[in-house]
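Worksheet for the structure shown next.
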Amino acid sequence: MSAEEIIKGLYDETLVGNAPSVLELTKRGLAEGMGPETILYEALIPALEEVGARFERGDFFVPEMLIAGKAMSGALDILRPLLAETGAETIGTFVMGTVKGDVHDIGKNLVNIMLEGAGFEVIDLGVQTSPEKFIAAVEEHKPDIVGFSAFLTTTMPMFKVNMHELTKAGLRDKVIVMVGGAPVTQEYADAVGADGFAADASTAVRKAKELIAQKRAAQNA
Ligand code: B1M
């Protein structure tokens, strides 16, 4: 099988949610020397974007989105150690969660993988994370950054609620807040008072490093 055939196969099989084929093709691609990033950015993510477009057009429904998501998650389990394999030193602690009311986690998991690969210690609170759970985790782990992920326009307002709870608990000045997720924009991040926003996983890593460097420079000034 050529590299193009593997990429096309991965895209097509993710689109229809054929998890066993996606796993098989992922392993095959890696065995033939394909980079994990190529599999991710040229096949898996574009396939999920197409799933979303079909859902919007009414050609796909929730079950199709679900099986496509599961197929992608299975491949991510294989890619995870390869994407995170850098041996980088720990550069900060990141508490991450998908906000209350939201069950999407593929994007969040991908950001976590990239953060770990860059040397962050990541504490993942999972999906449907209540403001109370975020606060408890910030109190317990004293992270450099807390990250809120939201994938629905109806759950984005939880950012504001979480920010309010952080302030109420006296923690707002002690932690950097980053937000992200498919519908989130820089404008929205600014409006809720977050310190940082990123549209994708690699930008999230760059932004996280930048924000920590700025905070440490301000503390040493
Ligand atoms: Co849903 N879903 N979904 N879904 N789903 C979307 C998000 C949607 C855009 C589809 C569409 O209409 N085009 C749409 C939201 C519309 C909106 O509000 N604007 C939608 C909807 C409507 C819904 C339901 C309401 C459907 C229903 O029930 N009628 C429902 C909601 C359930 C709930 O949460 N309460 C629902 C359910 C589901 C499934 C469970 C079936 C499944 C989720 C499976 C899972 O995650 N385990 C699912 C899926 C798979 C999708 C799509 C198709 C794919 C999402 C994904 O994984 N993308 C999605 C369509 C789309 O996004 N095009 C869709 C790939 C991922 C790598 O990208 O998630 O954007 P992304 O993550 C990026 C960035 O956002 C960023 O980096 C990531 C990696 O590059 N990022 C951060 C993420 N978090 C970050 C945090 C940061 C920084 C960057 O700092 C803290």
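The values are calculated or read from the model by the stated rules, or taken from the named source; none is laboratory data. Keep in mind that what you see is a predicted model, and the values were worked out from it rather than measured. Please note: Cβ atoms are built from the backbone with ideal geometry, for glycine as well, and neighbour counts cover all protein chains shown. Surface accessibility is based on the protein's heavy atoms, side chains included, excluding ligands, DNA and RNA. Shrake-Rupley method; radii C 1.70, N 1.55, O 1.52, S 1.80 Å.
Reported count of residues in the stretch 16-44, each being without any contact (Cβ under 8 Å) to a residue 12 or more places away in the chain and within 13 Å of the ligand (Cβ to nearest atom), is 1.
Taking Asp195 as the residue in question, decide whether it is in contact with a strand residue (DSSP E or B) (Cβ under 9 Å, 6 or more places away or on another chain), open to solvent by 10 Å² or more (accessible area, probe 1.4 Å) and within 18 Å of Asn112 (Cβ to Cβ).
No; evaluated as a whole, the condition is false for this residue.
So which residues in the stretch 61-84 are closer than 13 Å to Asn18 by Cβ and either open to solvent by 70 Å² or more (accessible area, probe 1.4 Å) or touching a residue at least 60 places away in the same chain (Cβ under 8 Å) (or both)? Hits for the stretch 61-84 are Ile67, Lys70, Ala75.
Taking the stretch 118-170 as the range and being surrounded by fewer than 17 Cβ atoms within 10 Å (Cβ to Cβ) and within 24 Å of Arg216 (Cβ to Cβ) as the test, the residues that pass are Gly119, Glu121, Glu139, Glu140, His141, Lys142, Thr167, Ala169, Gly170.
Restricting attention to the stretch 33-60, the residues that are open to solvent by 60 Å² or more (accessible area, probe 1.4 Å) and touching a Phe, Trp or Tyr at 6+ places or on another chain (Cβ under 6 Å) total 1. Restricting the stretch 14-32 to residues that are farther than 16 Å from Glu4 by Cβ and outside any helix (DSSP H, G or I) leaves a set whose member that is least open to solvent (accessible area, probe 1.4 Å) is Gly17.
Asp105 meets all of the listed conditions (1) open to solvent by 20 Å² or more (accessible area, probe 1.4 Å); (2) more than 8 Å from the ligand (Cβ to nearest atom); (3) in the same structural domain as Met158 (by TED's automatic domain parsing) but one, namely (2). Sub-6 Å Cβ pairs linking a first residue in the stretch 147-163 that is more than 27 Å from Ile212 (Cβ to Cβ) and within 6 Å of the ligand (Cβ to nearest atom) to a second residue that is open to solvent by 10 Å² or more (accessible area, probe 1.4 Å) and in a loop (DSSP other than H, G, I, E, B), at least 6 apart or interchain, are Thr153/Pro183, ordered by first then second residue.
So that you can scan it fast, the table gives a plain yes or no per residue for (1) within 21 Å of Asp102 (Cα to Cα); (2) more than 10 Å from the ligand (Cβ to nearest atom):
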site: Pro183; (1), (2): yes, no
site: Gln186; (1), (2): yes, yes
site: Thr203; (1), (2): no, no
site: Glu210; (1), (2): no, yes
